[in-house]
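This report concerns only the one structure given below.
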Amino acid sequence: METAGNTSLEPRQQTANLLAACARGDRDAFRDLFLRYQDRVYSIALHYTGDPAAGMDIAQDVFVKLFSYLATFRGDSTFETWLFRMVANCCHDRHRKHRRLVPLDDNRLPEPHDRATEQAQRNQRARQVQHTVSQLPDELRMTVVLRYTEGLSYEEIASVLGCPAGTIASRLNRAHRELASRLEHLREGA
């Protein structure tokens, strides 16, 4: 008999075996499920919030809910879609509870003279991009995070967010336009 930890199984079959073991109350299986998905859950939450502590809080909330609601997973969608929908909902809930603006760090960096300064400038641009993404409206931000952080297809995002794939295409188009407009200064400074 093949076990949930058997690496010769396809990833979906491994997940199915873990879910079955979790349904039987196997805590080791839940730990394995947690280990398998913790990085992806945290990554979505981190890229959505732009804050490592908030991302960790959301990831923790997701796994507490997952443990509580795992028995309700019916298999109408893939487990990942169901889990990512849970992450999206936790992100949206946190956003509603903590509506506040994060001040943009407006420190000016010196002209590049060496690799360290160039790296600092790249890091500063990355923070500005992350901050700009965090300022997008909620539905645009989650769509961008799922597409570019998790690499989900339009159909997968549509399934996670419960809307048509055409809506996802429209949201990404609006997000691209908004990001291009808000980040124009980075292109000019490059």
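A short reminder: the numbers here are calculations on the coordinates, not readings from a lab. Every value quoted in this text rests on a predicted model; they were computed, and no experiment measured them. Every residue, glycine as well, gets a Cβ built from its backbone with ideal geometry; the counts of neighbours run over all protein chains shown.
How far, in nm, would the chain grow between residue 40 and residue 74 when pulled straight, counting 0.36 nm per residue and subtracting the alpha carbon separation? Display every interim value, and only then the final one.
Values: separation 34, 0.36 × 34 = 12.24 nm, distance 2.17 nm.
Between residue 40 and residue 74, full extension yields 10.1 nm more.
Just to confirm a number: summing +1 for Lys and Arg and -1 for Asp and Glu over residues other than residue 178 whose beta-carbon lies under 14 angstrom from that of residue 178, what do you get?
Working: positive: 141, 171, 174, 177, 182; negative: 138, 139, 184.
Within the 14 Å Cβ shell, the charges total +2.
Could you please rank 49, 143, 81, 117, placing first whichever residue has the fewest other Cβ atoms within 10 Å of its Cβ?
Values: 49 23, 143 28, 81 18, 117 13.
Fewest-to-most Cβ neighbours within 10 Å comes out as 117, 81, 49, 143.
Please report 47, 176, 185, 95 as a ranked list, fewest other C-beta atoms within 10 angstrom at the top and most at the bottom. Don't skip to the answer; put the middle values down first.
Details: 47 21, 176 12, 185 9, 95 18.
Arranged by neighbour count, lowest to highest, 47, 176, 185, 95 become 185, 176, 95, 47.
Full extension from residue 60 to residue 121: what is 0.36 nm times the residue separation minus their Cα-Cα distance, to one decimal in nm?
Numbers: separation 61, 0.36 × 61 = 21.96 nm, distance 3.25 nm.
Separation in residues times 0.36 nm, less the Cα-Cα distance, equals 18.7 nm.
Can you give the net charge of the other residues whose Cβ lies under 13 Å from the Cβ of residue 22, counting K and R as +1 and D and E as -1?
+1
What ranking do 56, 86, 142 get, fewest neighbouring Cβ atoms within 10 angstrom at the top? Could the numbers behind the result be given before it?
Details: 56 14, 86 19, 142 25.
In order of increasing Cβ crowding within 10 Å: 56, 86, 142.
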